[in-house]
Amino acid sequence: MIPKALTRLGEAVLEGCRREGVSLAVAESCTGGLIAGCLTAVPGSSDVFDRGFVTYTNEAKSEMLGVPEDVLVAHGAVSEETARAMAEGVLENASAQVSVAVTGIAGPGGATADKPVGLVEIAAARAGRPTLHRRCVFSGSRALVRELAVEAALELVLQQVDGAPASRRAAAGQPALRGGDVALVFAGILACLVLVAVAVSVGVAVSPGFEDFLVEPSLTVVVTAILGQTAILAGCIYGLGLRRRRVSWPAIGFRATSWGWAALAVVLGVVLVFVLQAIDRAVDSPLPRLVQETIAPEGFSWAGLLTMIAVAGIIAPAAEEMLFRGVLYGWLRRRWGPLAAIILSSLAFGAAHINPYWAAYVAVVGVVLAVIYEKSGSLWPPILLHMSYNSVSVITLYLSIR
């Protein structure tokens, strides 16, 4: 069964082709006809969709699409050169004006030293325009890798059909933000925090009562601080990362996932709360008191509980996951591999919480979040896990002081 998200994406591709007055053909290797299936699942697609080539072997790629044998020998079946040759070969062997080609390693086998499982090369061609290319490295099961490859291929077709300028990321074959983008996002966050600190200092200097307002714990101060942090994170990620590079949301992890991963994430978040609380009691940790002073400064109230669930349990986790898993983890993984990415992103996640007791626990949770992201291939499971963990933590803390 084709996921609804892919069906909607297929509808958008077909509508884009209709607007441009072009027809579409596809060439598939690792997806084995899934792109064609997604497009033809939409009623009325026959006025746009021309044909599909399933070229699983090198011989099929050469015979059906005219991919030169020297390209296959020199670069391999899974390469940018082969994907481009496939897409351009479709235009020569079909009556369509737009094409997309996919070749990759869906797993679990087939990987080499420089071509890991999950590597997918995609190219979209259009008569009279440069061929676009995208290189992706997906994580997850064979089925999930194939599904994500279909999603990425349809997105690249949309880019080709709509005539939007190819982003520098796609032209360079990068699957997500570059190191410079990541550094710029963190620099932007730091700059915003410095401006906040300056504004607070000015406020204290101008109005002596302002300092008492900040020092005296209150729900208003806590909520304002969390919402401000969330706005800074989301704003820097979007403005300095996504918007600057024209990177799509799926490129930082917002991809389709299964209900199984979603359910596992929610359950795991709840379990983590009680496991860490048990550890707190065993070692007589000061963390529960620190957390209570932070998120329940005025004691128990239903208004405080519901407000903190909304702010600390739902809003803040989404922004933090975009930063530490979507932006930072993705870049670290491409540079140093999944193990280093899990460790370094989790340490950064913990360090961002400053207090040493709190940082240690957050880093442990960060490892779980990173592993879930690595295995699921989507940012939704870690977001759900983070929301579940924070929300249940808030609820248990408030109920304990009722």
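Computed from the coordinates by the stated procedures, all read-outs in this text should not be read as laboratory data. All figures in this text were calculated on a predicted structure; none of them were measured in a lab. Because the Cβ atoms are built from the backbone with ideal geometry, glycine has one as well, and the counts that use them run over all protein chains shown.
Laid out as a table, the results:
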{"read-out": "Ascending count of other beta-carbon atoms within 10 Å, so fewest first, for LEU347, LEU339, LEU148", "value": "LEU339, LEU347, LEU148"}
{"read-out": "P(r), alpha carbons of the stretch 340-402 - 10 Å bins starting at zero, rounded %", "value": "23, 45, 27, 5, 0"}
{"read-out": "Gain in span if fully extended, ARG18 to THR40, counting 0.36 nm per residue against the direct Cα distance", "value": "6.5 nm"}
{"read-out": "The stretch 38-98: Rg to Rh, with Rh as the Kirkwood radius over Cα pairs", "value": "1.04"}
{"read-out": "Reciprocal of mean inverse Cα separation for the stretch 268-355 (Kirkwood radius, Å)", "value": "15.2 Å"}
{"read-out": "Distance violations [Cα-Cα > 26 Å] among LYS4/LYS375; LYS61/LYS375; LYS4/LYS61", "value": "LYS61/LYS375; LYS4/LYS61"}
{"read-out": "Chain lengthening between VAL73 and ALA263 when straightened (0.36 nm per residue, less Cα-Cα)", "value": "63.9 nm"}
{"read-out": "Where labels lie 7 Å past Cα in the beta-carbon direction, separation of LEU339 and ALA303 in nm", "value": "5.3 nm"}
{"read-out": "Taking THR257, THR307 and counting other C-beta atoms within 10 Å, the order from fewest to most", "value": "THR307, THR257"}
{"read-out": "Neighbour-count ranking [beta-carbon atoms within 10 angstrom, fewest first] of ILE2, ILE401, ILE232, ILE252", "value": "ILE401, ILE2, ILE232, ILE252"}
{"read-out": "Unit charges on C-beta of K, R, D, E only; dipole of the stretch 4-171, Debye", "value": "500 debye"}
